[in-house]
1. Over region 2-138, what is the mean sequence separation of C-alpha contacts under 8 Å (at least six apart), divided by residue count, expressed as relative contact order in percent?
2. How would you rank 145-156, 299-310, highest first, on the average number of other Cβ atoms within 10 Å across their residues?
3. Add -39500 (n - 2.57) for each DSSP H run of 4 or more in the chain, then divide by its residues: what number comes out at 222 nm, to the nearest 500 deg cm²/dmol?
4. Could you work out how far helix 121-138 tilts from the main Cα principal axis of the chain, as a 0 to 90 degree angle to the nearest 10?
5. Please give the residues of region 172-186, grouped as numeric ranges, whose backbone N is less than 13 Å from a label point set 7 Å along the Cα-to-Cβ vector of residue 210.
6. Determine the gain in length on full extension of the stretch residue 198-residue 184; use 0.36 nm per residue of separation and subtract their C-alpha separation, reporting nm with one decimal.
7. Could you let me know the centre-to-centre spacing of region 138-157 and region 265-311, using Cα atoms, in angstrom?
8. What label, among [x] 51, 44, 42; [y] 83, 42, 32; [z] 64, 62, 48, belongs to Cα extents along the principal axes in Å computed from the structure on display?
């Protein structure tokens, strides 16, 4: 009985230590006076801190089971993330993106603590200091830049003549045309409209999204009825701070959308294949992991836009008497450059 009570107290102490450490490091790494030294989008915070949380959680418990080493760190890790969300430090999108990584790494820390035979308090103190020792060193390393290409396509049951007008310019999208998608569930705004100042190379396309998000797209290639390409300039200053999480703001330090292209290919049966390609930039010390999520989100955005174009083009074709049945086939991919 005494041993059970002792284990329970040790477990509660470990959870308290892990959760408290997670909240404390979040405060330190986001404090304005320390931003030149401690940054959130770093290996020190996103990799080392969850490992330490797992270590501190398991360290006080004697002879923990393998299951405990793996899963117990998830509780304080989740508690610290929930605290950051409740007080408004993090938005839903950053939590969804980072939590899987944090949980896995906290288990790594739990396993490390579980296999350590000599468990002195000094060991835990040294481990707890690691992020604060590594962060200033990491801050001197330039953030690598990675460019990814996202390719999405859809088959539209309408001829090119009906599709092209829906691609080059998008009149205001009605509420009934909007649909739930992954990127909207994560907090990204829905598209609203796209206005073209004039056709041809050099024309400007104003692409608007909900929440005051505006992209100024300059046409760099124009092949009537076949291809339109453009650079993308996110108007970062016009985006309200409540629209996007600071760590995923388009045009910000860590992420930006660079360019886009629509290609229309006539196919059998009077149908059209639309290929939508875009490129985005990542600038973090965790580009491989961030790139995985950025590709998923960008494909969700592009799929949503293509569905709106498909529905409108098929309605246009139907209104003109083409009589094409509705329905399309989608595909997508992401490439790292």
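1. Relative contact order, region 2-138: 34 percent.
2. Going by the mean number of other Cβ atoms within 10 Å, highest first, we get 299-310, 145-156.
3. -14500 deg cm²/dmol
4. 30 degrees
5. 173-186
6. Computed gain between residue 198 and residue 184 is 2.0 nm.
7. Going from one Cα centre to the other spans 11 Å.
8. Here the calculated entry is [y].
Throughout, read-outs are computed from the coordinates displayed, never taken from laboratory work. Please read all numbers here as calculations on a predicted model, not as lab measurements. Neighbour counts run over all protein chains shown; Cβ positions are idealised from the backbone, glycine included.
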